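Each remark here refers to the structure printed beneath this line.
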Amino acid sequence: MSTMFEVYYRKPRDLAREAKLNGRVESLGGRLDYWEEGDGASHCESICLTYEFEGWSRAEHAAEALRQEGEHVEGPIEYGA
């Protein structure tokens, strides 16, 4: 079963920040799965990066590492088969 979490940050898009996050997550065993920008319709003014992992423990460890670095992380959660 796959495990994922989402990292949110306030707009505008920051490619340098995303590159740093992607590199950090890859070093912890994950990969960027999806990128999304809030449309403002529901007052969503954030960028959402979804990261996927093969196991719960790696995702949990990575999520905690990013939180320690000040990132807003939702999850991890399991999904798929």
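Every number in this text was worked out from the coordinates using simple rules, so none of it is lab data. Predicted, not measured: the structure shown is a model, and the values here were computed from it.
Summed over all non-identical Cα pairs, the Kirkwood treatment of the chain gives a radius of 12.7 Å. Our estimate of slack between Glu78 and Ser57, defined as 0.36 nm per intervening residue step minus the Cα-Cα distance, is 6.4 nm. Between 0 and 90 degrees, rounded to the nearest ten: what's the tilt of helix 15-27 against the longest Cα principal axis of the chain? Here the helix axis deviates by roughly 10 degrees. Between the helical axis of 56-68 and the dominant principal axis of the chain, each derived from Cα atoms, what acute angle in degrees is found, rounded to the nearest 10? Between helix and principal axis, roughly 40 degrees.
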